[in-house]
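Q: Here it is, the structure in full.
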Amino acid sequence: MDFRPPLFIMTGALWLFGAALLGVAELIAMVQGYALPPGTRLIHVHGAVVGGILQICFGAVLAHIGPLLNSEHDQAESHPLFYTTLNTGTIMMSVWFATNNWRIAGVAGLFIFLALLAIMSDWLWQWTPGAISPAIHRFMKAVVVASLLSGTGLGLAKALDLVPQTMTIAARIGHVHLT
């Protein structure tokens, strides 16, 4: 199977569609006075953000990285490990939210974190002296990388219960905003 950018974008769109259906179900249940299972809102949010938006963004980045930089990466390369890891981590997060199993949470967070580290290698080579990239672009890429890794790391630390109880709310806010 070919794991090129269109597959990332189509899979991300499917995640967004599923998350939207779940959001509509939540809204209807709330209006009707019913309660859905506790993890439903978290499945909705993480399915949309991680499975959908993050995957669509990286699909777009992978599609345009070579042509934008006039580099030897003219054709968008296949990324089967990143695709599989990102989607497996998102599915595992959904299972975690549905079952409240913290071991699954830690493994899912680790999958997502490793997926982000793997894809960052496509960006790191651009910071070499021979790369055609203005300083502001390098700065913005550094901000993006630092924010994604810090936000994901905070979410992972929270899932693994490494955050002190007194800092749980701050860690959640940091996880959401940095990511």
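Q: Kindly indicate whether N100 is exposed (fewer than 15 other Cβ atoms within 10 Å of the Cβ) and modelled with pLDDT of 80 or more. Give the steps one after another, and end with the answer.
A: Numbers: exposed (fewer than 15 other Cβ atoms within 10 Å of the Cβ): yes; modelled with pLDDT of 80 or more: yes.
So N100 fits the description; yes.
Q: Among all residue pairs at least 6 apart or on different chains, which show Cβ distances below 7 Å where the first residue, located in the range 146-157, is outside any helix (DSSP H, G or I) and the second is open to solvent by 30 Å² or more (accessible area, probe 1.4 Å) and charged (D, E, K, R)?
A: Matching pairs, first to second residue: none at all.
Q: Specify which of the listed residues (I43, I9, I91) is at pLDDT 90 or above, assigned to a helix (DSSP H, G or I), surrounded by 21 or more Cβ atoms within 10 Å (Cβ to Cβ) and aliphatic (A, V, I, L, M). So that I can check it myself, show each step before the final result.
A: On the way: I9 fails: surrounded by 21 or more Cβ atoms within 10 Å (Cβ to Cβ); I91 fails: surrounded by 21 or more Cβ atoms within 10 Å (Cβ to Cβ).
Result of the check over I43, I9, I91: I43.
Q: Right, A118: modelled with pLDDT under 80 and in contact with a Ser or Thr (Cβ under 9 Å, 6 or more places away or on another chain) or not?
A: On the way: modelled with pLDDT under 80: yes; in contact with a Ser or Thr (Cβ under 9 Å, 6 or more places away or on another chain): yes.
Yes.
Q: A further question on this structure: For the range 154-176, name all the residues that are touching a Leu at 6+ places or on another chain (Cβ under 6 Å) and not small (G, A, S).
A: Step one: of the range 154-176, the residues touching a Leu at 6+ places or on another chain (Cβ under 6 Å) are 171, 174-175.
Scanning the range 154-176 gives a single hit, H175.
Q: Still on this structure, please answer the following. Look at the range 158-173 and say how many of its residues are of a type outside the set (D, E) and touching a residue at least 24 places away in the same chain (Cβ under 8 Å). Steps first, answer last, please.
A: Residues of the range 158-173 of a type outside the set (D, E): 158-160, 162-173.
The next check asks that each one be touching a residue at least 24 places away in the same chain (Cβ under 8 Å); those that pass are 159-160.
Of the residues in that region, 2 qualify.
Q: On to the next question. Could you count how many residues in the range 27-40 are free of Cβ contacts under 8 Å to residues at least 60 places away in the same chain and crowded, with 17+ Cβ neighbours inside 10 Å? Quick ask: steps written out before the conclusion?
A: Within the range 27-40, the first condition is being free of Cβ contacts under 8 Å to residues at least 60 places away in the same chain, and the residues that meet it are 27-36, 40.
Next, only the ones that are crowded, with 17+ Cβ neighbours inside 10 Å stay: 40.
Selection size over the range 27-40: 1.
Q: It is to be established whether one or more residues within the range 142-164 are modelled with pLDDT under 80 and over 28 Å from G18 (Cβ atoms).
A: Going residue by residue through the range 142-164, those that are modelled with pLDDT under 80 are 142.
Filter once more, so that each one left must be over 28 Å from G18 (Cβ atoms): 142.
Scanning the range 142-164, I find at least one residue that is modelled with pLDDT under 80 and over 28 Å from G18 (Cβ atoms), so the answer is yes.
The values are calculated or read from the model by the stated rules, or taken from the named source; none is laboratory data. Fair warning: this is a prediction, and the values are worked out from it, not measured in the lab. No Cβ is skipped: glycine too gets one built from the backbone with ideal geometry, and neighbour counts run over all protein chains shown. The accessibility values were calculated without ligands, DNA or RNA, using every heavy atom of the protein model including side chains. Shrake-Rupley method; radii C 1.70, N 1.55, O 1.52, S 1.80 Å.
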